[in-house]
Amino acid sequence: MKKIVLIEDDSDLFALIRYNLEKEGFAFAGSQTGKGALELCRRERPDLIILDIMLPDSDGLDICKGIRAHPELSHVPVIFLTARASETDRIVGLELGANDYIVKPFFVRELIARIKIHFRGQAPTTKILKAGELELDRTRCQVHLGGQEIALTATKFRLLEFLMSRPGVVFSREQLLDAVWGHDRAVTDRTVDVYVLRLRQKIEPEGGPAFIRSVRGFGYSFNTEVPQEQVQ
């Protein structure tokens, strides 16, 4: 089931779009304010974002910039909804990273059709990540090691998922903070080291494989030397 996040301040339009999205079988999350929109998207990890430009407390263009700059959200399609209809506005919106631009008023059926177009030909998201005896289930938010479930906090789960889905890629502490904790955070680089240590204590029992590799002077990566397998 594809998940869509809607950021729209008009209550009637918000309710109308939500009703039609859920009627079409989409999972839904949304907000009627721009404040915290980026954090909402990071937390919900949507497959597509519908974003109003003219929000009372934020500029949708700035939110779009933040989405495109975020390593976990940069690939997510963004559809702008706006009353700004000029050619210049359209060009600016698309140049800032929007995938589509719909001017109000519009037909909801057209919005649904455009959403479906963005999902055509997309490869299915890998729901289970495996490396040796370590298995992460994105759907159930569960981690198993050797068949035994490992209890992880939401933050440790996101950290493991981020690294595990990109084996061999070295990420700096700052990149990990942005990806896992988000831009609106009150934590430091040292936080990453603490969480990696605690995560290792959970998934790397004594004598077992080292799943997370420390790269001195750079950061951390998921160990590509552990046998990899991905299951749809």
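For the chain, compute the orientation-averaged projected area of the C-alpha convex hull (one quarter of its surface), in nm².
Values: hull surface 56.1 nm².
Taking a quarter of the hull surface, the average projection is 14.0 nm².
Between region 13-75 and region 150-227, what's the alpha-carbon centroid distance in Å?
Between the Cα centres of region 13-75 and region 150-227 lies a distance of 27 Å.
Ordered by packing density, taken as the mean number of other Cβ atoms within 10 Å over each peptide's residues, highest first, how do 109-117, 83-91, 61-69 rank?
Values: 109-117: 14.2, 83-91: 11.8, 61-69: 18.0.
Put in order of decreasing packing, that is 61-69, 109-117, 83-91.
Is it possible to state the helix-based mean residue ellipticity at 222 nm for the chain, with each DSSP H run of 4+ residues giving -39500 (n - 2.57), the sum divided by total residues, to the nearest 500 deg cm²/dmol? What is it?
Numbers: 8 runs with 82 residues, N = 232.
Roughly -10500 deg cm²/dmol at 222 nm, from the helical runs in the chain.
Compute, for residue 187, the solvent-accessible surface of its heavy atoms (probe 1.4 Å) with the complete set of protein chains present, and express it in square angstrom to the nearest 10.
Accessible surface of residue 187 is approximately 50 Å².
Just give me a number: lysine pairs in region 77-161, eight or more positions apart or cross-chain, with C-alpha atoms less than 22 Å apart.
Numbers: 104/116; 116/127; 127/156; 130/156.
Summing the qualifying lysine pairs gives 4.
Report the extension gain between residue 116 and residue 186 in nm, rounded to one decimal, defined as 0.36 nm multiplied by the number of residues separating them, less their alpha carbon distance. Please report the intermediate quantities before stating the final value.
Details: separation 70, 0.36 × 70 = 25.20 nm, distance 3.76 nm.
That pair, residue 116 and residue 186, stretches by 21.4 nm at full extension.
Among the DSSP beta bridges whose two residues both lie in the chain, what percent are antiparallel, rounded to the nearest 5? Walk me through the numbers before you get to the answer.
Values: 22 of 39 bridges.
Restricted to the chain, the bridges split so that about 55 percent are antiparallel.
The values are calculated or read from the model by the stated rules, or taken from the named source; none is laboratory data. Because the structure is predicted, anything quoted here is derived from the model rather than measured. For neighbour counting, all protein chains shown are included, and Cβ atoms are generated from backbone atoms with ideal geometry for every residue, glycine included. Accessible surface is based on the protein model in full, side chains and every heavy atom, while ligands, DNA and RNA are left aside. Shrake-Rupley method; radii C 1.70, N 1.55, O 1.52, S 1.80 Å.
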